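J.: The structure is given below, and queries will be raised subsequently.
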Amino acid sequence: MLWSVLLLSGLLLTLGLFCRPAAITAWLLHLACVKSTDVFAYGMDNFVSIGLFYLMLSPLPDSYSVESRIWKIRFRNVRMVGFFRRALQLHLCIIYFFSGLAKCLGTDWWNGLNIWAAVTRPPFNVFDPMLIAKWRFLLPAAGITICLIEVGYPIFIWPRRTRPIWLTCVLAMHSAIGIAMGMYLFGLIMIILNLAAFGSTNPAVFHQNDHVKR
């Protein structure tokens, strides 16, 4: 019953119907399910909880939802949208920086050993290990690239000139992880969070920012 209600909440959020009750229900039930099965939970579940938490608190519904079109609800409180988006941005910067820092402090990411262990260990061994062994000279470069992308995230994701480049690198990294290790849902969740934080913004937010600057 709980999983059915959680699925229904997700569908309502996707459509944009009863957004606030659906967001609160989805966050509460997802958190309860994750914390009840800690042994089987992994990073993806934690990031879903983070995303649902910010969604639950942010102003709803948005202008693209079915709810706003049916009841002609006008999008309000643009300032609060910017606040929660900024909070999500800072949250991701902290996560990526310390994740990258932890990788840099060890040696196995610099020599590619962790990459080898990740892509050859069941159930993440999507590709034949013999094929990976033929291209093993690329593993250190892949490990160093991941370290640099994550450590440089809070530095290069903020400036407008470097943001598109770094965002593309992060999206490509998570796409590669999803394909190489079969972690499609994890890759998709991280792509959604990054696009929500640093992707294109609702035009209303741009107008609000322009007004504040003037």
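The values are calculated or read from the model by the stated rules, or taken from the named source; none is laboratory data. Quick caveat: nothing in here was measured; it's all calculated off a predicted structure. We place every Cβ from the backbone using ideal geometry, glycine too, and count neighbours over all the protein chains shown.
J.: Can you tell me which residues in region 111-122 are in contact with a Gly (Cβ under 7 Å, 6 or more places away or on another chain) and either loosely packed, with under 14 Cβ neighbours inside 10 Å or within 15 Å of Gly178 (Cα to Cα) (or both)?
T.: Ile115
J.: Just to be sure before I move on: is Leu131 among the hydrophobic types (A, V, I, L, M, F, W, C), free of Cβ contacts under 8 Å to residues at least 12 places away in the same chain, over 23 Å from Leu55 (Cα atoms) and exposed (fewer than 15 other Cβ atoms within 10 Å of the Cβ) in the structure I sent?
T.: The answer is yes for Leu131.
J.: Only residues that are in a helix (DSSP H, G or I), hydroxyl-bearing (Ser, Thr, Tyr) and either touching a residue at least 24 places away in the same chain (Cβ under 8 Å) or at positive phi (or both): list them for region 18-59, please.
T.: Tyr54
This table checks each residue for (1) of a type outside the set (D, E, K, R); (2) in a loop (DSSP other than H, G, I, E, B); (3) modelled with pLDDT under 95.
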residue: Phe127; (1), (2), (3): yes, yes, yes
residue: Ile149; (1), (2), (3): yes, no, no
residue: Pro154; (1), (2), (3): yes, no, no
residue: Trp158; (1), (2), (3): yes, yes, yes
residue: Arg161; (1), (2), (3): no, yes, yes
residue: Ile177; (1), (2), (3): yes, no, yes
residue: Ala180; (1), (2), (3): yes, no, yes
residue: Ile189; (1), (2), (3): yes, no, yes
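J.: Next up: Among the numbered criteria (1) closer than 17 Å to Ala196 by Cα; (2) in contact with an Asp or Glu (Cβ under 8 Å, 6 or more places away or on another chain); (3) not in a helix (DSSP H, G or I), which single criterion is violated by Asp62?
T.: Result: Asp62 passes all but (2).
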